[in-house]
Every structure is written in structure tokens, then in C-alpha cells.
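One structure below.
Derivation of every value follows stated rules applied to the coordinates shown; laboratory data play no part. Fair warning: this is a prediction, and the values are worked out from it, not measured in the lab. Every residue, glycine as well, gets a Cβ built from its backbone with ideal geometry; the counts of neighbours run over all protein chains shown.
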Amino acid sequence: MSKKFYIATAIAYSSKQPHVGNDYDPVYADAIARFKRMNGYDVFFSTGTDEHGQKIEEIAKTAGITPQESADKVTGMIYNTYKRLNISFDKFIRTTDAEHKESVKKIFVKLYENGDIYKSKYEGLYCVPCESFFTASQIKDTEGVCPDCGGKLREEKEEAYFFKLSKYQEKLEKYMEENPDFLTPVQRKREILNNFIKPGIQDLCVSRSTIKWGVPVEFDPGHVIYVWIDALSNYITTLGYNPNSQEQPELFNKYWPCDLHIIGKDIMRFHSIYWLVMLWSLGLEPPKQILGHPWLLFNDEKMSKSVGNVVYSDDLIEKFGADAVRYYLLSEMPFDRDTSFTYINFIRKYNADLVNTLSNLVNRTVVMTEKYFDGVIPLPPQGLLPPVAAATSPLKEGGKDIDEDLKETVISRAGNYAALMNEYKISEAIGEITAILFRANKYIDETEPWVLGKDETKKARLGTVLYNLLESIRIAGILLSPIIPEASAKIFAQINTDVTGYETAFEFGGLKSGTKINKAEPVFMRLDEKKILDELKV
């Protein structure tokens, strides 16, 4: 029986179309989900949209449509973008789904019956875009604006239900200390513990009585359930969780607890405090790990739809293709540091990595195989392992066999890639693939197959060289498949191989000699930097 792996992203807020920085969540999660499936895991990957709240209610009113119509429109955009980015989710949940709303009603009742929710009055400052309340101490250094988004805060006063987070203060501190890997990267744990838990946790407002667009409180319909109970519950309602039943559905029993939550660092406290306490109150296990990724900035500033400095994935896909967007996001964003998007950097990275390093390697190798062997994968003399004799394989400086050096590099880098992907350090893992491609390109310069092709007596050596290149490309294609799935499929099609299983990426020699490859076609086409920048006016 294969081991299960449940991965979930934060659900996107359906007020406006998300920008490319928001889309990092699902792209990052998708690469991990694909990698886990490749490793034989039984993966459940959930994502979706958060569709309730004051902001959507106000946007709909301004547009003269219903909140549901407004949410439907934006959710449609988000869903289509995810599909265009090749996000391989198993479930796309909407908080307006009937099943989700019914479960949320019951969850609220259960939390209330467990003594963790009480009725009181709220008076303070509220941020509509963030759907968050703030105390005076939280905004003392922000001059009265939202500490998260910089938006204007409103004075709010209303009757509300509150969740007793403060009751769990000690338990939260202890859990964070005893489970050092629960929050990752490591600085996320320090931020949450030192900035939000140890200074003292305030009880959380969990209902609104001044808005209507939300899930109504079952026993007090003048209130709607506030966003964080509604939205956070999606991670269990997507699995069919029913708080009123002792017997949970098969999907829930199989996949909960969640193995990995992928979220932005700005909503870390909601997931590591509110969500954790909700689960404890419901008598459920917490998720195994929460990963708070950094931000994608625009020219070193946080992307903000209200400021207008945003780039949209759909526009990038239209101009450069889905794989280019995926590759940029996954290779440029470090595991633990913000990075900045610029069009110049995007185009240069595309040309350097995807065109010069990857596409040219594949194209040159396939063209030479067509030219010298009529497109048939050659069979090297003596096979590939053990090492080819020095008489047929030149020596590098220091006496090392060139062929063996290539193979050792490919296999060792593949092993490094596996270790990094298992730690979710995707940008570093891509660096290991790039090292394989660099080594293969250098191997072409070292062996000079165009020179070998002029001498019929060196045909066998030429066959060995081209086989080694094709095999390096096959292995790189496997490792790239969670990152740029469309390009990987093109690579496999060109070299005409079905030996694409993950386990075959760690042994050199899986490619079948005698197979006729397909016509060479560039995997990526070079971009004209000046022309594109002129068109974009940047």
C-alpha cells in the first residue's frame, strides 16, 4: 500500500484576480504534489477559494450584482489560471459550496458547545481587505494603518462571538517548543512564538452582525461566521469532515492529518494559532507541518492590487508559456527569503536557463543523433557500465575518464535533488538539475562529436558520446517533470522514451538503444529582450 500525502494551499480570496505572487502557493504545492506522486505516494492535493466577507459584499454592491455573482466571476478567473498553470489539484473547494457551508455551521456549534465560543461585544479597528481585527498594541508602530497590507483601518463596534484562544496560551507555547519542525522555515517558528504567542494571545472575534454575506450562525442567524473559522475549515471540509458524526468519511480517515500546508508568511499566525486551536477544540490532530513561504515582490516592493504594482500570471502565460512562469517562480524564490520580480530578470533567466542551457542541449543532441545515426539511439561498445576504457574515452586533467565524470555528476546531482525536494527546497533542487545540464553541455565541448563524425573509425566513440548525452537528458527530464511538466513531456517525446519512472533517474543506462527518436524541435524559443521590453514599456 502506498503511503499517503495530503497537501493543501491557502485558499485564494475571491475579491479580485490574484497576482502572480499569490499564484506561487499553488505552483509550489503542485511541484511538491507531482514529486510525491512520482515517488509513489498516494497524494491528495486541495486548493480553492475563500468567497465570503465584507469586501466581497461591498464589491458586489458597487457593481450592482449579488455577492455570489461577484464571487463566481473571480473564482472562475482563479480556476482557469490554475488550469493554465497545470496545477494538478485533486479538489478545488469553494467556501460557497453547500457541503462546506453545512459543515462550517456544525463546526461553529461544536466549538460553542465545547465552551470555546462566547458572546460579547467588539469595539476596535478593522481592516476590510485582510478581514482582520487589530488591537491598539498591534498598530502602535503603523500610524493607524493595517500592519499587514497598509490599508486604512475602520472603527468597528458590534455584537460578536469570540473564540477563547487565550485558554490555549500555555498549550500553544508548549506545542511550538516540543515540535520544532511544525513551522518551517525555522524563522517562522521564532516569529510566531515571540511576536504572537508569548506576548499574550487575545480571544478572537469569530462572527459579524453588521454584514450578511457569510455562513449564518445556526442558533443565532443575525450573525454570520467570520472568515477565519469559515476559511480555515476548508482543509477538513474538503475531505468531507462532519463534526456531528463519530464516523468520518473514508477520504477524511485516509488523509487527515494534513501532511503539509503551503501558505504565505503573512497568514502564518492564522494557521499556526487559530487553526491549531480550532482543531484541538474539535478533538482533531493538527497538521504535521506548515510551510510559510516568502513573498514575490515587484521591484523590491510587495505586490498590491490596491497600489497597482501587480503582474498577473495569465498575462505572463500568454506571452511566455506556463512552464516559463512555473520555472521562474520555483527557481527564483528561495526557501526562506523574499525575491523580486522584474521583466528583465524573467527574460534573462528564461534565455539563460531554458533556452541556452536546456533547449540547446536537447536540440543539439537530437540533431546530431539524426545526422550521424539516422535518428536511432546508438548502442555504445561495451555498454555503459563498467567504465569505458581509456583507449576510447579521453581523460580529463588528473586522469579521470570523461564519460565516468559525466555519469558521476548526473547521478550524484540527482541524489542531491531528491534530498532537497524532500525538504521542499525547490529552488535549490532546480540548481542541481542545472548542474547536470551544464555538465552535459561541457561534455559536448570536451568530446567534440562534430569532429568524431568526420572520421568513420571513430563512429563507435561517437555513439557512446551521443548515448551519454541522450541519457543525461532523459534523467534531467525526469527531475524536471514536477517543475516544468509540459517541457518534460516534449523532451521525452523527442528522445522517444517511456523510461521515465522516478527510480530510473538514479542509474545511468536506462535509455533503450536501437529506438528511433523523433524530429528535433526547440523545447523553448529565444526571447528578444529589447523587443519585449519595448512592448511592455518597462
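Odds and ends about this structure:
- Gain upon complete extension [LYS152, ILE411; 0.36 nm per residue less C-alpha separation]: 87.8 nm
- Cβ-Cβ distance of ASP528 and SER340, R₀ of 35 Å, FRET efficiency by 1/(1 + (r/R0)^6): the value works out to about 0.95.
- Scattering profile of the range 32-184 at q = 0.08, 0.11 Å⁻¹ [log10 I(q)/I(0), Debye over alpha-carbon scatterers]: -0.37, -0.72
- Amide H contacts under 5 Å for LEU297: THR339, SER340, PHE341, restricted to partners 5 or more places along the chain or on a different chain, H placed in the peptide plane at 1.01 Å from N.
- Neighbour-count order for TYR274, TYR13, fewest beta carbons within 10 angstrom listed first: TYR274, TYR13
- Distance violations [Cα-Cα > 29 Å] among LYS152/LYS537; LYS83/LYS152; LYS83/LYS512; LYS91/LYS349; LYS4/LYS83; LYS157/LYS198: LYS152/LYS537; LYS83/LYS152; LYS83/LYS512; LYS91/LYS349
- Computed helical MRE - 222 nm, the chain, DSSP H runs ≥ 4 contributing -39500 (n - 2.57), nearest 500: -13000 deg cm²/dmol
- Packing-based order for 50-61, 177-188, 421-432, 116-127, using average beta carbon neighbours within 10 Å, highest first: 50-61, 421-432, 116-127, 177-188
- Per-residue HN-Hα couplings for the range 421-438 [Karplus 6.51, -1.76, 1.60; θ = phi - 60°; Hz; x = Gly/Pro]: 5, 5, 9, 6, 8, 5, 4, 5, 5, 5, x, 6, 5, 4, 5, 4, 5, 4
- Placing one equal scatterer on every Cα of the range 404-445 and applying the Debye formula, the log10 ratio I(q)/I(0) at q = 0.22, 0.24 Å⁻¹ is -0.63, -0.72.
- Gain upon complete extension [ASP266, TRP450; 0.36 nm per residue less C-alpha separation]: 60.8 nm
- Relative to its residue count, the range 343-506 spans a Cα convex hull of 127 Å³ per residue.
- Sequence-distant residues sharing a close amide H with LYS4 (under 5 Å, placed H): ASP42
- Estimated D of the range 16-89 in µm² per second, where Rh is the Kirkwood radius over Cα pairs and Stokes-Einstein applies at 10 °C, 1.306 mPa s: 115 µm²/s
- For the chain, size of Cβ-based charge dipole, Lys and Arg +1, Asp and Glu -1, in debye: 400 debye
- Förster-model FRET efficiency, 25 Å R0, GLN68 and ASN244, C-beta, rounded to 0.05: 0.45
- Rounded to the nearest Hz, the phi-derived 3J(HN,Hα) couplings of the range 244-253 under the Karplus curve 6.51 cos²θ - 1.76 cosθ + 1.60 (θ = phi - 60°) are 8, 10, 6, 9, 8, x, 4, 4, 5, 4, where x marks glycine and proline.
- Extension gain, LYS459-SER120: 0.36 nm per intervening residue step, less the Cα-Cα distance, totals 113.5 nm.
- Inter-label distance, ASN356 to LYS110: 5.6 nm, where each label sits 7 Å from its Cα along the C-beta direction.
- Averaging Cα coordinates gives a centre for the range 168-214 and one for the range 1-21; these two points are 21 Å apart.
- Our summary gives the chain a relative contact order of 15 percent, counting only alpha carbon pairs under 8 angstrom and 6 or more residues apart.
- For the range 182-187, 3J(HN,Hα) computed residue by residue from phi via the Karplus equation (6.51, -1.76, 1.60; θ = phi - 60°) reads 4, 10, 9, x, 4, 5 Hz, glycine and proline entered as x.
- Residues ASN179 and GLU318, FRET efficiency given R0 of 51 Å [Cβ-Cβ distance, rounded to 0.05]: 0.70
- Across the range 133-255, Cα-Cα distances exceeding 22 Å account for 56% of all pairs.
- Once both labels are positioned 7 Å from their Cα atoms along Cα-to-Cβ, the gap between LYS371 and LEU251 label points is 5.4 nm.
- Put a dot 7 Å past the Cα of GLU423, heading toward its Cβ, do the same for LYS91, and the two dots end up 3.2 nm apart.
- Remark on CYS205: its backbone amide H falls under 5 Å from those of PHE163, a criterion applied only to residues 5 or more positions apart or on other chains, H modelled at 1.01 Å from N.
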